[in-house]
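Peer 1: This is the structure I have questions about; it appears just below.
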Amino acid sequence: MAIGYLTIQARTAHEAIPLSGIHARILDSQGNSLYELITDESGGTQTVPLETLDKSFSLNSNYAGLPFYSYSVLAQAPGFNTLFVSGIPIYEGETAVLPLDLEPMAQMQRSPNTTKIFVGKPAVAMQDTPGQEGETPSDTRILRQVAIPNPITVHLGAPGSYAPNVQVSFPDYVKNVASSEIYPTWPAAALTANIYAIITFALNRIYTEWYKSRGYDYDITNSTAYDQYYVQGRPIYESISRIVDQIFNQYVRRQGQEAPYFTSFCNGSTVYCQGMSQWGTVTLANQGRTPLEILRTYYPLDIEIAETNIITGMLSSYPGTALREGSTGLDVQTIQSFLDRIRRNYPAIPAITDQPGTFGKSTKAAVTKFQSVFGLSPDGIVGKSTWYKISSIYAAVTRLADLDSEGTTLGVGTIPPSSLLQQGSRGQDVITLQYLLNVISQYYPTVPAPVQDGIFGSGTRQALVAFQQAVQVTPDGIVGPLTWNRLYSVYKGIGQNVPMPPTGGGSSGPGGSQQPGGGSGGTPQPDGTQNYTVQAGDSLWLIAQRFGTTVDALKSLNGLTSNLINVGQVLKIPSSQSAPYIEYTVRSGDTLWLLSRRYDTTVDAIKQLNGLTSDMLNIGQVLRIPVSQP
């Protein structure tokens with residue numbers, strides 16, 4: 001009997017928080033329990049073998065049956081709603097990685113609800129006739145660059161249908177679609193050609209604003225009749241994942257043009273079309289054709305593979321050269337600081353003890369463990385895929401820390417606003433509403449995160465309606481007492497049930513407190529210095545950056561002979577740099593005036609602390625926000 005493999009990853013908040021202690025039971029098609037697994041501190045389980053059909057069936061276009069055995073997973077944990085995923089295809093020699101996005105129970109919820117997901121067969125085994133329509137615009141008509149949308153918004157239904165949207169990172173979207181469209185056992189050249197077509201199809205929808213220009217609030221649908229197949233919550237196969245990590249920012253275009261080509265496709269076995277034949281790619285790959293040669297069989301001969309390094313939502317761009325042991329410079333320092341912060345949430349990642357900016361053995365060990373945790377090739381080298389994954393996870397964990405600190409500032413409570421909130425409303429109550437929706441969006445994939453600007457616009461209404469649909473409240477886009485109570489109940493449930501890691505700021509989940517300067521202490525000492533207690537993930541370089549001083553100054557003041565520091569160690573901070581503050585990462589819609597109102601300070605105080613000469617801010621920029629002494 002042939003053997004395939006299954007492993008489980010339980011995380012929430014866009015992978016910002018691993019969920020340990022989740023009980024996952026693997027069942028066969030008759031409901032018999034085969035394995036009882038428990039997730040570890042990184043949210044993962046061991047990989048288990050499962051019986052399936054021989055690989056040859058999935059390589060034969062004439063085979064009428066399904067070339068795999070299906071299994072189910074029942075996931076449960078105290079404080080979380082139950083998740084049941086069925087119809088999980090297992091292929092010979094392939095490892096399926098199943099994400100478990102568990103939702104926290106609401107405050108006072110007596111028993112868990114159960115969410116059911118059915119995966120089923122891929123699109124290549126379906127007989128639905130695609131009706132894909134699209135275009136490849138000339139560069140003389142649309143003059144803008146091709147960018148990777150991160151996240152991409154997917155409508156879980158046909159265009160215009162009453163279905164929710166989900167926001168997902170672009171690489172994860174491509175992995176999901178490829179796992180949902182084709183068999184992961186196909187030759188590498190066939191997989192790569194199909195993945196190029198999937199990437200390009202999606203980028204064409206973005207570039208031409210196919211749905212946005214028609215008034216829809218999403219980028220693409222998951223309907224095989226119109227677009228390409230996406231199954232929320234399905235497993236991803238490692239053979240597909242490895243290829244996507246390497247080429248997710250590459251696409252097909254015609255020579256001399258910028259626009260992504262319209263790469264339509266169908267299975268080519270039971271359904272035929274003018275675009276690429278998915279089964280035909282297997283035949284061509286077995287003949288030794290390269291992915292580009294395969295694509296040129298179905299699309300114009302002058303197509304080429306292009307690359308874009310414009311990726312929205314990323315804090316910093318890949319430097320273009322892989323970082324490895326022996327590398328030095330600011331790019332190494334950036335990765336070290338990102339990993340230092342990530343390990344607060346993922347403690348299995350070892351501490352980095354190398355000099356800042358020097359890629360030594362401890363940096364390699366941290367990179368290797370990170371790669372292992374997130375399903376990348378564990379080679380200890382920061383190439384493109386590892387760089388962007390580190391950047392993505394760093395953005396997620398810091399985003400949560402920002403949200404936690406805002407909860408205390410806003411004073412979120414059970415008392416609803418004095419009047420109904422609806423489109424056109426403004427003020428502090430709207431800011432609080434937007435904050436609640438922002439927190440909830442980190443755990444509910446169908447709820448988008450609205451801009452927190454105090455103005456109830458169309459984006460806030462879309463987020464609110466999505467929340468109301470998720471919790472089965474009348475989706476009228478209006479916040480009355482019932483909707484407010486449900487918002488607060490879900491928000492408090494997150495704080496009670498999600499095991500929030502230390503953030504370096506003393507935060508303990510939604511509504512937690514934050515200490516000035518990102519660490520504990522802050523009281524001026526008789527000698528004019530300020531004490532700072534070292535937090536998990538701190539380094540001398542990070543502390544020096546936080547307080548506007550230097551590593552040498554900290555070492556001299558504290559009598560240190562090396563850069564090694566320990567959690568709980570008390571350091572002295574130079575008095576001239578000891579003004580307390582919190583760190584804040586700028587998001588879409590932020591202005592200095594809004595931040596000054598939110599944190600009870602002034603625009604001039606923020607500008608002075610950050611050395612700003614204008615009111616311009618950039619998304620991803622880290623600001624120091626002054627706070628009052630306790």
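Peer 1: For the range 244-274, which residues satisfy the criterion of being among the hydroxyl-bearing types (Ser, Thr, Tyr) and surrounded by 19 or more Cβ atoms within 10 Å (Cβ to Cβ)?
Peer 2: Tyr251, Tyr261, Thr263, Ser264
Peer 1: Quick check, is Thr95 buried (at least 16 other Cβ atoms within 10 Å of the Cβ), within 27 Å of Ser372 (Cβ to Cβ) and within 21 Å of the chain's Cα centre (by Cα)?
Peer 2: The answer is no for Thr95.
Peer 1: Conditions first: (1) at pLDDT below 75; (2) part of a helix (DSSP H, G or I); (3) within 20 Å of Gly357 (Cα to Cα). Asp552 passes all but one, so which condition is the exception?
Peer 2: Answer for Asp552: the failing condition is (1).
Peer 1: Output the residues belonging to the range 408-429 that are out of contact with any helix residue (DSSP H, G or I) (no Cβ under 7 Å at 6 or more places or on another chain) and either crowded, with 22+ Cβ neighbours inside 10 Å or among the polar types (S, T, N, Q) (or both).
Peer 2: Thr408, Ser418, Ser419, Gln422, Ser425, Gln428
Peer 1: For the range 316-347, name all the residues that are in a loop (DSSP other than H, G, I, E, B) and within 18 Å of Ser392 (Cα to Cα).
Peer 2: Of everything in the range 316-347, those that are in a loop (DSSP other than H, G, I, E, B) and within 18 Å of Ser392 (Cα to Cα) turn out to be Ser316, Ser317, Tyr318, Pro319, Gly320, Ala322, Tyr346, Pro347.
Peer 1: If a residue has to be over 16 Å from the mean Cα position of the chain (by Cα) and touching a residue at least 40 places away in the same chain (Cβ under 8 Å) to count, how many in the range 362-383 make the cut? Break it down into steps so the answer makes sense when it comes.
Peer 2: First, the residues of the range 362-383 that are over 16 Å from the mean Cα position of the chain (by Cα): 362-369, 372, 377-383.
From what is left, the residues that are touching a residue at least 40 places away in the same chain (Cβ under 8 Å) are 364, 377, 380-383.
Of the residues in the range 362-383, 6 are over 16 Å from the mean Cα position of the chain (by Cα) and touching a residue at least 40 places away in the same chain (Cβ under 8 Å).
Peer 1: Here is a list: Leu482, Leu464, Leu403. Which entry is closer than 27 Å to Asn345 by Cβ and either among the charged types (D, E, K, R) or not in a loop (DSSP other than H, G, I, E, B) (or both)? Even if it seems obvious, please write down each step before you answer.
Peer 2: Details: Leu482 fails: closer than 27 Å to Asn345 by Cβ; Leu464 fails: closer than 27 Å to Asn345 by Cβ.
None of the other options fit; the residue is Leu403.
Peer 1: Another question, then. Considering only the range 284-304, I want to know if a residue exists there that is in a strand (DSSP E or B), surrounded by fewer than 17 Cβ atoms within 10 Å (Cβ to Cβ) and not aromatic (Phe, Trp, Tyr).
Peer 2: So far as the range 284-304 goes, yes, one or more of its residues are in a strand (DSSP E or B), surrounded by fewer than 17 Cβ atoms within 10 Å (Cβ to Cβ) and not aromatic (Phe, Trp, Tyr).
Peer 1: Quick check on the range 451-460. Is at least one of its residues outside any helix (DSSP H, G or I), touching a residue at least 60 places away in the same chain (Cβ under 8 Å) and within 19 Å of Asp217 (Cα to Cα)? Write out each step before concluding.
Peer 2: We begin by selecting, within the range 451-460, every residue outside any helix (DSSP H, G or I); these are 451-457.
Then keep just the ones that are touching a residue at least 60 places away in the same chain (Cβ under 8 Å); that gives 451-454.
From what is left, the residues that are within 19 Å of Asp217 (Cα to Cα) are 451-452.
Yes, the range 451-460 contains at least one residue that is outside any helix (DSSP H, G or I), touching a residue at least 60 places away in the same chain (Cβ under 8 Å) and within 19 Å of Asp217 (Cα to Cα).
Peer 1: Val332 - would you say it is free of Cβ contacts under 8 Å to residues at least 60 places away in the same chain and buried (at least 18 other Cβ atoms within 10 Å of the Cβ)?
Peer 2: Answer is yes for this residue.
Peer 1: Looking at the structure I just gave you, is Ala16 at negative phi and surrounded by fewer than 18 Cβ atoms within 10 Å (Cβ to Cβ)?
Peer 2: no
Peer 1: If a residue has to be more than 30 Å from Lys492 (Cβ to Cβ) and without any contact (Cβ under 8 Å) to a residue 40 or more places away in the chain to count, how many in the range 63-88 make the cut?
Peer 2: 5
Peer 1: Could you list, in sequence order, the residues of the range 79-111 that are over 27 Å from Thr185 (Cβ atoms), touching a helix residue (DSSP H, G or I) at 6+ places or on another chain (Cβ under 8 Å) and in a loop (DSSP other than H, G, I, E, B)?
Peer 2: Gly79, Met105, Ala106, Gln107, Met108, Gln109
The values are calculated or read from the model by the stated rules, or taken from the named source; none is laboratory data. Quantities reported herein were computed from a predicted structural model and do not represent experimental measurements. FYI the Cβ positions are ideal-geometry reconstructions off the backbone, even for glycines, and counts take in every protein chain you see.
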